[in-house]
Every structure is written in C-alpha cells, then in structure tokens.
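The values are calculated or read from the model by the stated rules, or taken from the named source; none is laboratory data. Remember, it's a predicted structure, so these values are computed and weren't measured experimentally. Every residue, glycine among them, receives a Cβ derived from its backbone with ideal geometry; neighbour counts consider all protein chains shown.
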Amino acid sequence: MPDNSIRMTEQELLHSLANVYGPKIQHQAEFRGETTCAIAANDLREISKFCRDKLLFDYLIDITSIDDFGEEPRFEIVYHLYSMPHAVHLRLKLKVPEDSGAVDTISDIWPTANWHEREIYDMMGIRFNGHPDLRRILMWDGYPFFPLRKDFPLEGLPSEMPDVAFTKVTPLEGGPFVTVPSTATSKDREPRARPPEL
C-alpha cells in the first residue's frame, strides 16, 4: 500500500496506471479535468484491484450502462471512481457484446458495486459473473423485459403476471396527483399536484 500521507496528482496517478497497464489501456481521454480509460472487459478486475490497492481509488461513485442499439458491441459499462486521499476522479469504460451480455463482478472489490450491478442487470439485462446475489432490484422476479434498452417502447409492454403486477387500471381519484384533462394518452399527460382544498 502507498503512503496515505503522500498526495499524488492526477497526472502521477495516471502515469502509475500507464506504467503497469499501458498496453491494456485501449484509449484515454481527458475532459473537464476528469480522465476516462477504455479497457477490455476481461481486464476489469485486475485493473480495478490495482486502482483500489495501489492508487487509492477507494470510492466507487457509480456504475452506469449504455445501450448503443444497432452497434456492436451493443453495450458499454462505465465505472466512476474517486480517490479520497488524492481527490482525483477516474472513469473506466468497457464494451460488452450483446451475445455474451456478461462481465465479471467487482462487488468484492468495492461493495457498493453490488446494487449498481443488480440495477444494470435488471434494467439492461447485462449479467455480472460471480455476483453474490444477482436478482432484480426494481422490477419483479420473472419480469421478461429490460426497460432501459433502446428497443423497449416508452409506453411499456404488457406482462401477464396477475399475482405480482396490477392487472387493471388504478384510478388516481383521491391520490396526491391528477392529470390535466386532455385527449392525449396517459403517457403524454404530465401528472400535476392536486390543488389544496379551500
């Protein structure tokens, strides 16, 4: 472990990363003071451990996923890292082909990855190999679709699961929100707060 009392600059951290993994960094870009490194999916765990243990990227801020529908590889996963001792941001990006649809988990490296990976699995259908509890986190078990994929329609898709989901229209009468009267469909009307009773 490096000495925590020695604060490294972003350039020093990136230089250390490049010295060890230079050939494995496919592309590097800097924008607004933050650096993004594109890597291969099979290098994720090794580079993540190095970033945590040697460069002190001790905080996984977020993991996001992108659906580049119509391109191959279709999916991209972005890991947002932060080093509290050095006050430096780093972003790792990798591509995931649709036919494999899987990448290794990093939930044992940064425990905060657990729920982020579950959400990506739930919304995009990307699996995380070795995840300790990979199940849906927002949609119900058995839901057959992935709502954040670009080929998922905005108005949703019907699902026949009467024991789990609503099976009939639930009126908003008496609820906290109402829609503006309109001939538009429900997906085009914006809910508005009900005015307080006089």
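A compact table of results
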| read-out | value |
| --- | --- |
| Top-ranked residue of the range 101-117 - restricted to ones that are assigned to a loop (DSSP other than H, G, I, E, B) and not charged (D, E, K, R), ranked as farthest from residue 137 (Cα to Cα) | 109 |
| Which listed residue, of 13, 55, is over 25 Å from residue 119 (Cα atoms), hydrophobic (A, V, I, L, M, F, W, C) and assigned to a loop (DSSP other than H, G, I, E, B) | 55 |
| Restricting the range 118-165 to residues that are outside any loop (DSSP other than H, G, I, E, B) and either touching a strand residue (DSSP E or B) at 6+ places or on another chain (Cβ under 7 Å) or at pLDDT below 90 (or both), the residue that is farthest from residue 67 (Cα to Cα) | 129 |
| Sole exception among (1) closer than 29 Å to residue 148 by Cα; (2) modelled with pLDDT of 95 or more; (3) not small (Gly, Ala, Ser) for residue 52, by number | (1) |
| Within the range 71-104, considering residues that are buried (at least 19 other Cβ atoms within 10 Å of the Cβ) and among the hydroxyl-bearing types (Ser, Thr, Tyr), the one modelled with the highest pLDDT | 79 |
| Where a residue in the range 100-116 is more than 11 Å from residue 63 (Cα to Cα) and its partner, wherever it lies, is among the β-branched types (Val, Ile, Thr), with Cβ under 6 Å and at least six apart | 101/126; 103/96 |
| So residue 43, is it more than 30 Å from residue 152 (Cα to Cα), at pLDDT 95 or above and in a loop (DSSP other than H, G, I, E, B) | no |
| Some residue of the range 23-34 being of a type in the set (A, V, I, L, M, F, W, C), part of a strand (DSSP E or B) and within 27 Å of residue 146 (Cβ to Cβ) | no |
| Yes/no for residue 68 being at pLDDT 95 or above, farther than 24 Å from residue 13 by Cα and surrounded by fewer than 20 Cβ atoms within 10 Å (Cβ to Cβ) | yes |
| Failed criterion for residue 62 (all others in (1) surrounded by 16 or more Cβ atoms within 10 Å (Cβ to Cβ); (2) at pLDDT 95 or above; (3) farther than 18 Å from residue 129 by Cβ hold) | (1) |
| Count - residues of the range 40-71 that are closer than 15 Å to residue 105 by Cα, aliphatic (A, V, I, L, M) and without any contact (Cβ under 8 Å) to a residue 60 or more places away in the chain | 4 |
